[in-house]
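J.: Structure below; questions to follow.
Just so it is clear, none of the values below were taken in a lab; they were calculated from the coordinates. Here the structure is a predicted model, which is why all the values come from computation and not from measurement. Here Cβ is always computed from backbone atoms with ideal geometry, including for glycine, and neighbour counts include all displayed protein chains.
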Amino acid sequence: MSVKIELLNSALNKKDFSCGKQMLDNYLHKQAGQDVKRKLCVVFAMFEDTTIKGYYTLSNASIPAELMPEAVRKKMPGAYKTLPVTLLGRLAIDVKFKGQGLGSIILLDALKRSFDIANKSLGSIGVVVDPLDNDALAFYKKFGFILLPDSGKMFLPMADIAQLGL
């Protein structure tokens, strides 16, 4: 069977997932289902059979316009104090599957879904992440995310995602 990335469902084995970051593990084990029911986010799982290899969350968000790089800000109407973005809230790969390129695969899936949604059904000027640590920051930088000043957040414009050809 091949690896799939689909919405998290009850047939998948959440309890054995461990990415090595307790906060991300606990989220999947205890909170993800509730957040989905409350419409706070959607959770996508990368899995084979019922084994979850990784997951990520997407939700709507807004970000203060002044945090955006000048190149982005100058294209936006001045009346907008906040700008719509897609929040990639969590992204994790099980430690048993690290080093196989799954982080890149799952991130590109998240970017493609975000881009498709922004083009078809919901406004978003880019994807925002809050890297958990320096390893995560370095990972996102490899994909072109830029650090937003004084916020700890990183941003990738939809225009850059379009150029990835997903």
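J.: So for each of 75-84, 24-33, 90-99 I average, over its residues, the number of other beta carbons within 10 Å; can you give me the resulting order with the highest mean first?
T.: Working: 75-84: 11.3, 24-33: 16.4, 90-99: 18.3.
Descending mean neighbour count gives 90-99, 24-33, 75-84.
J.: Expressed as an acute angle from 0 to 90° and rounded to the nearest 10, what is the orientation of the C-alpha long axis of helix 102-120 relative to the principal long axis of the chain?
T.: 50
J.: Between ARG73 and LEU147, what is the label-to-label distance in nm when each label sits 7 Å out along the Cα-to-Cβ direction?
T.: Each label point is offset 7 Å from its Cα along the Cβ direction, giving 1.8 nm.
J.: Calculate, in whole percent, how much of the Cα-Cα pair population of segment 4-162 lies beyond 20 Å.
T.: The proportion of pairs with Cα distances above 20 Å equals 50 percent.
J.: I've got another one for you. Defining a contact as two alpha carbons under 8 Å apart and six or more residues distant in sequence, what relative contact order in percent does segment 4-162 show?
T.: It rounds to 20 percent for segment 4-162.
J.: Under 15 Å from a label point 7 Å along Cα→Cβ of SER62: give me every residue in segment 96-136 with its amide N that close.
T.: 123-126
J.: Ok, one more. Among LYS142, LYS53, LYS120, what is the fewest-to-most ranking by other Cβ atoms within 10 Å?
T.: Neighbour counts put them in this order, fewest first: LYS120, LYS142, LYS53.
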